[in-house]
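Step one of this worksheet: look at the structure below.
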Amino acid sequence: MKIFQWFFAIVQLVFMCLLFAGCANVEAQRSTYCPYGSYQSCQDAYNVGAGVGFFMILFAWAVVDVILGVIWLVAANAGKKVS
């Protein structure tokens, strides 16, 4: 079970890095050029896209945590007898 705990910790670290890298990349990709509409509408659309990306990472993180939690529960109770 010790290996699974390390694997779980590594998965958490990877998702945390993905979240921080995604947030840092949002600011790095901003530009002043807007081919469609006004500058403000482009910035608003950009911010909405950044928010959607942020919550997609959070959702994937939660799904993976639930899957790993179920695997851990099944593996932890695999050797016990049910009475």
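Things worth noting here:
- Just one residue in the set Val64, Val48 is surrounded by 10 or more Cβ atoms within 10 Å (Cβ to Cβ), touching a residue at least 24 places away in the same chain (Cβ under 8 Å) and of a type in the set (Val, Ile, Thr); that residue is Val64.
- Some residue of region 33-50 being at pLDDT 85 or above, under 30 Å from Ala76 (Cβ atoms) and not acidic (Asp, Glu): no
- Test: Ala75 is assigned to a helix (DSSP H, G or I) and at pLDDT below 90: yes
- Among the residues making up region 51-61, those that are without any contact (Cβ under 8 Å) to a residue 24 or more places away in the chain and under 17 Å from Val14 (Cβ atoms) are Met56, Phe59.
The values are calculated or read from the model by the stated rules, or taken from the named source; none is laboratory data. Since this is a predicted model, take the numbers as computed values, not measurements. Glycine also receives a Cβ, built like all others from the backbone with ideal geometry; neighbour counts cover every protein chain displayed.
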